[in-house]
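Novice: Okay, here's the structure, questions in a sec.
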Amino acid sequence: MTEPRRFTLFDFLLFVAVLIFAAVPRVGYLTLCTDAKHPQGFLFVQDASPTSSAEGAAPTPEAAEMTTLIDNVKFNTGFIAKAPFADKDEPTAHTAPGFPVLVGLLARIVDPGALDHTVQWIQVAIGTLTAGLYFLFARRAFRSTVVGLVAGLLTALYPLWIINTAAVNDGTLTAFLLAFVLFLGVRAGQSGGAFSSLLFGLMLAALALTRAYCLPFAVVALGWFLLRSRLLNWGWLCALVAFLGFVIGLAPWSVRNYQLFGEPVPVVDTAYYHLWVGNNPQANGGPVTDDMRKQAESSLNTAGQKRLAELDQPERYSRLGQVVTETLSGNTVGVINWRIHAALNFFLGEQFFKHGLFVTQVLDSPAQEADDPTVNSLAHDAEAWVRNAINVILTVTLALLLGLGLLGWRWTYGFHKESMPAALALFWIPLPYILTHAELLHGPRLPLDGVLLCYAAFALCCCLPMLGGYLFAGSAGVRAERA
């Protein structure tokens, strides 16, 4: 294996430029597109709007559960909320603890009225750093500063990430942790180093604790690094500290779950629940519906000695596994169809197939007449144009992202050893969603878009006349050039 290019002053200046290009649109969006009426903006690309100020609607169950978890962490009353099929708040492991615990701890030192705004500005910072990490990752993985620069600029200006900066959810944090894992993976995989290896293991654990669907990827990525470390100087030490970092990162939460439920639950206890959402007689590849819940409660509450709500969480969700088993054996064709729909929903979102939309907008009813002198007609027309154009912009963006990303993935075969963590992420992060269910919008895929943007950057750079031949030659060409 060849040594990576030295990080020069020119590389540092490019890194700073990527950070600036990432910070400006995020700060601008947060400043211009949020206000007292729309504190999280009027566009949502991960979750539907938690509230609708125009209609006074109640929060969604997911948003209400997240708020409850954050409040209980804030007041040190435990990780307690109303889990699926529960009648009341209870100690729970139904959701990954990373985001609610961090926000709950932050709420202890921040004024309640400023909590969401503080989280948004933190997300501006880590969203900016995410673009910088992808610059560093692509530069190392593909041995090209140009590819790194293009990847950094694409992630810096990616509209879905910019929009999601204002939404208080785990999307921005998960994207940052995945970028950090990929950079640490290629750095430790190429140059070794005990500290980089330790951080790699810790960040894999942090990624899994932030979004439980990433646990399979974290385990596989750790296994890849353990094998890779055989080629490194002091590789046994790198492998050992990476493994210990991963175990130490997961251990406190796993021990808490074992003490609480008497079962080894590394992150969440809802694996059967999510399998049931995607594999039940009323499944469609998308998120859970009220009809699904009612049917499951009706059948399982009647068949069992105890109601679902009366059971401990692991037992409650294992009961749902009975429905999954019966559905797999009784409706195999249906299960295959649902997996296809789950895959499509993962990449495009269920709302695209239902309504042709890539984004949820908080639409306000017109409160003033057009001839009202207090209405700024120019600003009103500009906002209407943006609202109408956003889906066109996102349609073109996603078409290029998926098309160029797939092409770039194929063309990076010559660098497959150097960029292996990205290839693993591209397979193992979608797989749990495809086996279970996707969501209304882009939440499941959103963190993975950084990997696709890196592959898209590689595809674009392959079209450059002076660079294409070098990139197509792969790592073997790099070794020949340096010989």
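Novice: Given the options Ser229, Ser298, name the one that is over 23 Å from Leu102 (Cβ atoms) and touching a Gly at 6+ places or on another chain (Cβ under 9 Å).
Specialist: Ser229
Novice: Give me the pairs: first residue in region 224-235 and among the hydroxyl-bearing types (Ser, Thr, Tyr), second residue surrounded by 13 or more Cβ atoms within 10 Å (Cβ to Cβ), beta-carbon distance under 7 Å, and six or more apart or on different chains, which are they?
Specialist: Ser229/Gly235; Ser229/Cys238; Ser229/Ala239
Novice: Quick check: is even one residue across region 185-197 under 15 Å from the mean Cα position of the chain (by Cα) and of a type in the set (A, V, I, L, M)? Lay out the reasoning, then the answer.
Specialist: In the first step, residues of region 185-197 are kept if they are under 15 Å from the mean Cα position of the chain (by Cα); the result is none.
So far as region 185-197 goes, no, none of its residues is under 15 Å from the mean Cα position of the chain (by Cα) and of a type in the set (A, V, I, L, M).
Novice: Right, something else. Tell me which residues, restricted to region 163-196, are over 26 Å from Pro432 (Cα atoms) and either open to solvent by 10 Å² or more (accessible area, probe 1.4 Å) or in a helix (DSSP H, G or I) (or both).
Specialist: Arg187, Ala188, Gln190, Ser191, Gly193, Ala194, Phe195, Ser196
Novice: I'd like to know if region 442-461 contains one or more residues that are part of a loop (DSSP other than H, G, I, E, B), modelled with pLDDT of 90 or more and open to solvent by 10 Å² or more (accessible area, probe 1.4 Å).
Specialist: Here is the first cut: in region 442-461, the ones part of a loop (DSSP other than H, G, I, E, B) are 442-445.
This time we only want the ones that are modelled with pLDDT of 90 or more, so: 442-445.
The next check asks that each one be open to solvent by 10 Å² or more (accessible area, probe 1.4 Å); those that pass are none.
No - not one qualifying residue is present in region 442-461.
Novice: For the condition closer than 30 Å to Leu453 by Cβ and not in a helix (DSSP H, G or I), what is the one hit in Pro264, Pro287? So that I can check it myself, show each step before the final result.
Specialist: Numbers: Pro264 fails: closer than 30 Å to Leu453 by Cβ.
Selected residue: Pro287, the only one of Pro264, Pro287 that is closer than 30 Å to Leu453 by Cβ and not in a helix (DSSP H, G or I).
Novice: Would you point out the residue of region 197-212, among those that are open to solvent by 10 Å² or more (accessible area, probe 1.4 Å) and of a type in the set (Gly, Ala, Ser), that is nearest to Val18 (Cα to Cα)?
Specialist: Going through the qualifying residues, I end up with Ala206.
Novice: Same structure again: Of the conditions (1) open to solvent by less than 40 Å² (accessible area, probe 1.4 Å); (2) touching a residue at least 12 places away in the same chain (Cβ under 8 Å), Val110 satisfies every one except a single condition; which number is it?
Specialist: Failed condition: (2).
Novice: Among (1) more than 25 Å from the chain's Cα centre (by Cα); (2) assigned to a loop (DSSP other than H, G, I, E, B); (3) surrounded by 15 or more Cβ atoms within 10 Å (Cβ to Cβ), there is one condition Asp269 misses while meeting the rest; what is its number?
Specialist: So Asp269 meets the others, but not (1).
Novice: Do you know which residues across region 388-439 are outside any helix (DSSP H, G or I), over 17 Å from Phe183 (Cα atoms) and not hydrophobic (A, V, I, L, M, F, W, C)?
Specialist: Those that are outside any helix (DSSP H, G or I), over 17 Å from Phe183 (Cα atoms) and not hydrophobic (A, V, I, L, M, F, W, C): Thr436, His437, Glu439.
Novice: Right, here's the next one. Checking Val375 against (1) within 24 Å of Ala156 (Cα to Cα); (2) modelled with pLDDT under 85; (3) hydrophobic (A, V, I, L, M, F, W, C): exactly one of these is not met. Which one?
Specialist: Every condition holds for Val375 apart from (1).
Novice: Something else about it: Of the residues that make up region 312-320, is at least one open to solvent by 30 Å² or more (accessible area, probe 1.4 Å) and within 30 Å of Phe225 (Cα to Cα)?
Specialist: Scanning region 312-320, I find no residue that is open to solvent by 30 Å² or more (accessible area, probe 1.4 Å) and within 30 Å of Phe225 (Cα to Cα), so the answer is no.
Novice: Quick check on region 462-483: of everything there that is open to solvent by 50 Å² or more (accessible area, probe 1.4 Å) and either of a type in the set (Asp, Glu) or closer than 23 Å to Leu424 by Cβ (or both), which residue is modelled with the highest pLDDT?
Specialist: Phe472
Novice: Taking only pairs six or more apart or across chains, which ones have beta-carbon atoms under 7 Å, a first residue in region 184-195 that is closer than 16 Å to Ala425 by Cβ and modelled with pLDDT of 90 or more, and a second residue that is open to solvent by 10 Å² or more (accessible area, probe 1.4 Å) and of a type in the set (A, V, I, L, M)?
Specialist: Leu184/Leu199; Leu184/Met203
Novice: Sticking with this one: Against the definition (part of a helix (DSSP H, G or I), in contact (Cβ under 8 Å) with a residue 12 or more places away in the chain and surrounded by fewer than 22 Cβ atoms within 10 Å (Cβ to Cβ)), how does Leu328 come out, yes or no?
Specialist: Details: part of a helix (DSSP H, G or I): yes; in contact (Cβ under 8 Å) with a residue 12 or more places away in the chain: yes; surrounded by fewer than 22 Cβ atoms within 10 Å (Cβ to Cβ): yes.
Considered against the rule, which asks whether it is part of a helix (DSSP H, G or I), in contact (Cβ under 8 Å) with a residue 12 or more places away in the chain and surrounded by fewer than 22 Cβ atoms within 10 Å (Cβ to Cβ), Leu328 comes out as yes.
Novice: Search region 243-255 for residues being open to solvent by less than 60 Å² (accessible area, probe 1.4 Å) and without any contact (Cβ under 8 Å) to a residue 24 or more places away in the chain, and hand back the single one that is nearest to Pro314 (Cα to Cα).
Specialist: Let us first name the residues in region 243-255 that are open to solvent by less than 60 Å² (accessible area, probe 1.4 Å), namely 245-246, 249-251, 253-254.
Keeping just the survivors that are without any contact (Cβ under 8 Å) to a residue 24 or more places away in the chain gives 251, 254.
On the way: Ala251: 19, Ser254: 14 Å.
In this case the residue turns out to be Ser254.
Novice: Can you confirm whether Gln282 is of a type in the set (S, T, N, Q), free of Cβ contacts under 8 Å to residues at least 24 places away in the same chain, open to solvent by 10 Å² or more (accessible area, probe 1.4 Å) and assigned to a loop (DSSP other than H, G, I, E, B)?
Specialist: Numbers: of a type in the set (S, T, N, Q): yes; free of Cβ contacts under 8 Å to residues at least 24 places away in the same chain: yes; open to solvent by 10 Å² or more (accessible area, probe 1.4 Å): yes; assigned to a loop (DSSP other than H, G, I, E, B): yes.
When the stated conditions are applied, Gln282 passes them.
The values are calculated or read from the model by the stated rules, or taken from the named source; none is laboratory data. All of these numbers come straight from a predicted model, not from anything done at the bench. Neighbour counts run over all protein chains shown; Cβ positions are idealised from the backbone, glycine included. Only protein heavy atoms, including side chains, enter the accessible area calculation; ligands, DNA and RNA are left aside. Shrake-Rupley method; radii C 1.70, N 1.55, O 1.52, S 1.80 Å.
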